[in-house]
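These notes concern the structure reproduced below.
The values are calculated or read from the model by the stated rules, or taken from the named source; none is laboratory data. On a predicted model such as this, the values are computed, not experimentally measured, just so you know. All Cβ positions, even for glycine, are placed from backbone atoms using ideal geometry, and neighbour counts span all protein chains on display.
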Amino acid sequence: MRALLVTLLLLVGLASARADEPANLPQADRDAIAAVVGQQLEAFKRDDAAAAYGFASPGIQHMFGDAANFMAMVQHSFAPVYRPRSVHMGEVVMRDGLLVQRVELVGPDGRDELALYTMEKQPDGTWRIDGCQLTKPDTVGT
């Protein structure tokens, strides 16, 4: 499981010193991306592993194999995403050539976190989550 988490973090990449760049996307795509992230957060809140896993990209699904493994990883390593006290959708930006949805969270411990959701557009036009990186809000360029 640890190897899978390390692989996931490597896929997302480490926080860059460069500032995020505005993403040139139609509002419909921005809305769809925010909806996918929001729906996954709601699925975590309900402990609905199958639904949460369904919002992950095929690559992430392949990495974890099934919804139970995926949910276990989130519960163990992503508590602010699994059980946030509050959620605020930020901007969709380009970061190191990847499309990223910024989400400001207050974790279950009351600490501010910034979740950087890497998004991937599927061949059918839908959006899926291709990774998530947690960082402190003041360590990421805007």
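Take the conditions (1) within 16 Å of Ala49 (Cα to Cα); (2) surrounded by 15 or more Cβ atoms within 10 Å (Cβ to Cβ); (3) small (Gly, Ala, Ser); (4) out of contact with any Pro (no Cβ under 7 Å at 6 or more places or on another chain); Ala68 misses just one of them, which is (2). One residue is enough: does region 99-111 have a residue meeting the conditions modelled with pLDDT of 95 or more, in contact with a His (Cβ under 8 Å, 6 or more places away or on another chain) and among the charged types (D, E, K, R)? Taking every residue of region 99-111 in turn, at least one turns out to be modelled with pLDDT of 95 or more, in contact with a His (Cβ under 8 Å, 6 or more places away or on another chain) and among the charged types (D, E, K, R). Show me the helices (runs of 4 or more DSSP H) found entirely inside region 50-142 where at least 2 residues are among the aliphatic types (A, V, I, L, M), within 20 Å of Gln39 (Cβ to Cβ) and in contact with a Phe, Trp or Tyr (Cβ under 7 Å, 6 or more places away or on another chain). Helices (runs of 4 or more DSSP H) meeting the threshold: 67-77. Within region 115-127, residues that are small (Gly, Ala, Ser) reach partners that are assigned to a strand (DSSP E or B) with beta carbons closer than 6 Å, at six or more positions or on different chains, in the pairs Ala115/Val103; Ala115/Leu105; Ala115/Cys132; Ala115/Leu134.
Looking across region 105-128, just one residue is of a type in the set (Gly, Ala, Ser), loosely packed, with under 12 Cβ neighbours inside 10 Å and under 14 Å from Tyr82 (Cα atoms), and that is Gly110. Pairs are defined by a Cβ separation below 7 Å, a sequence spacing of at least 6 or placement on different chains, a first member in region 27-39 that is over 15 Å from Val93 (Cβ atoms), and a second member that is of a type in the set (Phe, Trp, Tyr); the pairs so defined are Ala32/Trp127; Val36/Phe55; Val36/Trp127; Gln39/Phe55. Just one of (1) over 12 Å from the mean Cα position of the chain (by Cα); (2) farther than 20 Å from Pro137 by Cβ fails for Glu120. It is (1). Cβ-Cβ contacts under 6 Å between residues 6 or more apart (or on different chains), taken from a first residue in region 78-106 that is within 16 Å of Lys136 (Cα to Cα) to a second residue that is surrounded by fewer than 19 Cβ atoms within 10 Å (Cβ to Cβ) and of a type in the set (Lys, Arg), are listed as Val106/Arg85. The set of residues from region 75-93 being over 17 Å from Asp48 (Cα atoms) and either at pLDDT below 95 or touching a Pro at 6+ places or on another chain (Cβ under 9 Å) (or both) comprises Arg85, Glu91, Val92, Val93.
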